[in-house]
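First up is the structure itself, then whatever we jot down about it.
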Amino acid sequence: MRHGSYRFVASFLAIPLVLYVVFVISPFVQAFYYSLTDWTGISPKFEFVGFQNFKDLANDAIFKAAIGHNIILLIGVPLLTIVLALVFAYLLNVGGKANSAGVHGVRGNGFYKLAFFLPQVLSVPVIAVIWATVMTSTDNGLLNSVTKKLGLGTSQYLASPEIALYCVMWVLVWGSVGFYLVLFNAAMSGIPKDIFEAAIIDGAGRLATFFRITLPLLWDTIQTAWVYLAIMALDAYALVAVMTAGPGGPDNSTYVMGLAIADNGFQYGRAGYASAMGVVLFFLTLIIAAVMLRATRRERIEY
């Protein structure tokens, strides 16, 4: 590259780089700094307390419970979302009957794609309000009315400490499946249909083509989806804040780390302590993303 070209490239990179440092890197650095102080979030005066906030976190039972709830979401949300999105995307692409025209998806696949993607156009608070209404614990609630008609009885749903977190998990999965269905559908559309047709002619069933062709060829997309869903599961603040009583209830059964950070930072006047929680969440997210990328790394298959 010529000498003058470096200046040309640098002039394009300089402004985005400065903006990234100011608006992305700088807040992280400030959060690390405030995590070592007793800042209230309002007063301009604060004291340096070293690692005292982190020592207090180690003995904070509510924060430990919040980490446990996030870990349950971390396991359940990516797993259920990816499995459902993959199965639906497979049916929409190659789930129909094979005929002389080749392999194709189920009839009406365009409508199904639109229907599955619909939750993506709704904001998280709207989704939370809808499902909080559907899961009302009274006998006249929508979901309870349906289960009662089917002879399954009624449930407390969001009012029950035993199942409230799983209700939140279901709503996270419901709201995410459509997006990842479209993502997997786009990736699956790039696989030549000849491969599926050749496998079916050789006697492979739908289950075999799913596990031996679709999954290996979509592995990079699945890996990316898993990391994004894991990051979403470690947050879940907006949904829990709107959907659950308290929020975070009942009996802190749906309390998550994002909610703990917001409560301490904005309600209890413990911004330094909330920053320490944010630092823990940052490193936890970083470690989980790195472990997932490392554990799921495979040799790329060319086709």
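Rank R294, R212 by accessible area, highest first, at a 1.4 Å probe radius? Numbers along the way, then the final one.
On the way: R294 155, R212 190 Å².
Result of the area sort, largest leading: R212, R294.
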Check: Say each of A204 and T296 gets a label point 7 Å from the Cα, pointing the same way as Cα to Cβ; how far apart are those two points in nm?
Finding: 2.1 nm
Notebook entry, point to check: Tilt of helix 219-233 relative to the longest C-alpha principal axis of the chain, in degrees (0 to 90, nearest 10)?
Noted result: 40 degrees
Notebook entry, point to check: Under a 5 Å amide H to amide H cut-off, with H placed in plane at 1.01 Å, what residues pair with G249 once short-range neighbours are removed?
Noted result: T254
Notebook entry, point to check: When the chain is modelled as a GNM with alpha-carbon springs shorter than 10 Å, which of E197, E47, E162 fluctuates the most?
Noted result: E47
Check: Which value in nm describes the separation of the simple spin-label points at L284 and V106, placed 7 Å from the Cα toward the beta carbon?
Finding: 3.7 nm
Check: Sorted by mean Cβ packing within 10 Å, highest first, what order do the peptides 30-40, 7-17, 117-127 take?
Finding: 30-40, 117-127, 7-17
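Based on Cβ point charges of +1 for Lys and Arg and -1 for Asp and Glu, what charge dipole magnitude is obtained for the chain about its Cα centre, in debye rounded to the nearest 20? Kindly include the intermediate steps, with their values, before the conclusion.
Numbers: 18 positive and 15 negative charges, 147 e Å.
Around 700 debye, computed over the chain.
Pull out the extension gain between L13 and S26, defined as 0.36 nm times the separation in residues minus the alpha carbon to alpha carbon distance; nm, one decimal.
Numbers: separation 13, 0.36 × 13 = 4.68 nm, distance 1.81 nm.
The L13-S26 span can extend by a further 2.9 nm.
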Checklist line | Amide hydrogen neighbours beyond the local backbone of T37, cut-off 5 Å, H modeled | finding: V49
Checklist line | Computed log₁₀ I(q)/I(0) - Debye formula, equal Cα scatterers, no solvent, the chain, q 0.08, 0.10 Å⁻¹ | finding: -0.51, -0.76
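Just the number, please: carbon plus sulfur as a percent of the accessible area of the range 29-88, 1.4 Å probe, no ligands or DNA/RNA counted. It would help to have the intermediate numbers written out before the result.
Details: 2480 of 3440 Å².
Accessible surface attributable to carbon and sulfur in the range 29-88 totals 72 percent.
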Next item on the list: Specify which residue in the list A187, T154, G249 is farthest towards the positive end of the charge dipole of the chain, using unit charges on the beta carbon of Lys, Arg (+1) and Asp, Glu (-1), about the Cα centre.
Entry: A187
Notebook entry, point to check: What accessible area per residue comes out for the range 152-222, rounded to a whole number of Å², with a 1.4 Å probe?
Noted result: 48 Å²
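Which value, to two decimals, describes the C-alpha radius of gyration of the range 106-211 once divided by 2.2 N^0.38 Å?
Numbers: Rg = 19.2 Å, N = 106, 2.2 N^0.38 = 12.9 Å.
Output field value: 1.49.
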Notebook entry, point to check: At each listed q (0.16 Å⁻¹), what is the log10 of I(q)/I(0) that the Debye formula gives for the range 1-139 modelled as equal alpha-carbon point scatterers?
Noted result: -1.07
Check: Counting only the heavy atoms of the protein chains, how much of K113 is accessible to a 1.4 Å probe, in Å² to the nearest 10?
Finding: 70 Å²
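The values are calculated or read from the model by the stated rules, or taken from the named source; none is laboratory data. For clarity, every value in this text was computed on a predicted model and none was experimentally measured. Please note: Cβ atoms are built from the backbone with ideal geometry, for glycine as well, and neighbour counts cover all protein chains shown. To get the accessible areas, we keep the full protein, side chains included, count just its heavy atoms, and leave off ligands, DNA and RNA. Shrake-Rupley method; radii C 1.70, N 1.55, O 1.52, S 1.80 Å.
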